[in-house]
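S.K.: Here it is, the structure in full.
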There are 2 protein chains.
Amino acid sequence: MREPTFLVLTALAGGPQHGYAVIEDIAGMTGGRVRLRAGTLYAALDRLRTEGLIEADREEIVQSRLRRYYRLTATGERSLTAETARLRTQATIAERRLRIRRIELGGATS
Amino acid sequence: MREPTFLVLTALAGGPQHGYAVIEDIAGMTGGRVRLRAGTLYAALDRLRTEGLIEADREEIVQSRLRRYYRLTATGERSLTAETARLRTQATIAERRLRIRRIELGGATS
DNA sequence: GCAGCATATACCGATGATCGGTATATGAGA
DNA sequence: TCTCATATACCGATCATCGGTATATGCTGC
């Protein structure tokens, strides 16, 4: 799972949201670092729906504009939980190696 | 940065290694979940060298087989440190949302 | 003796997620 | 009236990764 996909699932873990709101949520979540392109977002939404990780929640018309809400499925929740654990494990391994490295090399790298 | 790239940098954070050893290291690190293909590994090595994140360390001939060692550069170390922090931050955000979600929905998802 | 496996580097085409751009439409603000 | 924010959707391009193959050697089991 790549970063944008992970972030979409994280956004929906907070409750149902429509596409554009997901983009805004992710932008806020990452401190503005990640702003998903429309193409990336809607492609990811379609793909995740096909895979059963998310599903349509409801549709609203706000100011004559369609809003299609999506929500995380139980499968999606499990998937996000597993992915989160993986991220944390890898971060821990990398941090341990970096820490040992700094002790051994004393900050003198090439 | 994608997972295989991150894992290659993590492997080299532990000290210089040659290509094949990196594959083995990553396999061990991930409990056998990730076994990089030769194509992925050597392409990543070339790319990371071009980007200045790793560099050639030395070459050895062991049993008439070439071993080309690579090591992390200072730039690579900074890059891995930043990436690790990013992973940890995202894992924390996702976990918080999942935790709140479980309280709110009480385990009843679609 | 030879087949198969592990070691080791390297190249190739295919896949697929993401990027960047565009299209469409409306309401709000300058 | 022009631009910006909202909102969904499609398109081609890029590029990391995957899966397979090529090449070569040494070790192990039959």
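The values are calculated or read from the model by the stated rules, or taken from the named source; none is laboratory data. As the structure is a computational prediction, the values presented were derived from the model and not from experiment. Glycine gets a Cβ as well: all are built from the backbone with ideal geometry, and neighbour counts include every protein chain shown. These accessible areas exclude ligands, DNA and RNA; they are computed on the full protein's heavy atoms, side chains included. Shrake-Rupley method; radii C 1.70, N 1.55, O 1.52, S 1.80 Å.
S.K.: So what J values fall out for the stretch A:50-63 if you push phi through Karplus, 6.51 cos²θ - 1.76 cosθ + 1.60 with θ = phi - 60°, rounded to Hz, Gly and Pro as x?
M.R.: 4, 7, x, 7, 9, 8, 5, 9, 6, 10, 10, 10, 10, 6
S.K.: Moving to a separate point now. What part of the accessible area of the stretch A:1-95, given as a whole %, is carbon or sulfur when the probe is 1.4 angstrom?
M.R.: Values: 2360 of 4710 Å².
C and S atoms contribute 50 percent here.
S.K.: A further question follows. Sequence-distant or interchain residues sharing an amide H contact under 5 Å with A:Asp57, placed H: which?
M.R.: Amide H neighbours of A:Asp57, under 5 Å, 5+ apart: A:Tyr69, A:Tyr70, A:Arg71.
S.K.: Taking R0 as 45 Å, what FRET efficiency do you get between A:Leu105 and B:Arg37 from their Cβ-Cβ distance, rounded to the nearest 0.05?
M.R.: Working: r = 31 Å, r/R0 = 0.69.
Computed FRET efficiency for A:Leu105 and B:Arg37 comes out at 0.90.
S.K.: OK, next. So what is the accessible area of the stretch B:3-99 per residue, in Å², with the probe set to 1.4 Å? Walk me through the numbers before you get to the answer.
M.R.: Details: 4800 Å² over 97 residues.
Roughly 49 Å² per residue, with all protein chains present.
S.K.: With respect to the axis carrying B onto A, what is the closest chain B residue by Cβ position, and how many angstrom separate it from the axis?
M.R.: Closest Cβ to the B-to-A rotation axis, residue and whole-Å distance: B:Leu87, 2.
S.K.: About its Cα centre, what dipole magnitude does chain A give when the only charges are +1 on Lys and Arg Cβ and -1 on Asp and Glu Cβ, stated in debye to the nearest 20?
M.R.: Details: 19 positive and 13 negative charges, 96 e Å.
For this selection, approximately 460 debye.
S.K.: May I ask you to derive the FRET efficiency for B:Thr92 and B:Arg2 from their Cβ-Cβ distance with R0 = 22 Å, giving the value to the nearest 0.05? Intermediate results must be reported in sequence, preceding the final value.
M.R.: Numbers: r = 21 Å, r/R0 = 0.94.
About 0.60, to the nearest 0.05.
S.K.: Kirkwood Rh and Cα-based Rg: tell me the resulting Rg over Rh for the protein assembly as shown, rounded to two decimals. Don't skip to the end; give the middle numbers.
M.R.: On the way: Rg = 20.5 Å, Rh = 19.3 Å.
Ratio of gyration radius to Kirkwood radius for the protein assembly as shown: 1.06.
S.K.: At 7 Å along Cα-to-Cβ for each site, give me the label-to-label distance between B:Glu24 and B:Ala74 in nm.
M.R.: Placing both labels 7 Å along Cα→Cβ, they lie 3.2 nm apart.
S.K.: Another question about this same structure. Using a 7 Å offset from Cα along the direction of the beta-carbon, what are the separations from B:Arg49 to the same position in each other copy, nm, ascending?
M.R.: Here the equivalent label points are 4.6 nm apart from this one.
S.K.: For the stretch B:24-40, just list the computed ³J(HN,Hα) in residue order, Karplus coefficients 6.51, -1.76 and 1.60, θ = phi - 60°, integers in Hz, with x standing in for Gly and Pro.
M.R.: Once θ is set to phi - 60°, the couplings for the stretch B:24-40 become 5, 4, 5, 4, x, 4, 9, x, x, 5, 10, 10, 4, 6, 3, x, 5 Hz.
S.K.: Can I ask one more? Find every distance from the label point of A:Gly32 to the corresponding label point in the other copies (7 Å from Cα along Cα→Cβ) and write them in nm, one decimal, shortest first.
M.R.: 4.8
S.K.: Now for a different question. Distances from A:Ala74 to the same residue in each other copy, label points 7 Å out along Cα→Cβ, in nm, shortest first?
M.R.: 5.5
S.K.: Could you check the spin-label model distance between B:Asp46 and A:Val62? Points 7 Å from the Cα along Cα→Cβ, value in nm.
M.R.: 4.9 nm
S.K.: Moving on. List the extent of the Cα atoms of chain A along each of their three principal axes, largest first, rounded to whole Å.
M.R.: 62, 28, 20 Å, listed from the longest principal axis down.
S.K.: Estimate for me the total accessible surface buried between chains B and A (protein heavy atoms, probe 1.4 Å, no ligands or nucleic acids), in Å² to the nearest 100.
M.R.: About 3300 Å² of accessible surface is lost on pairing.
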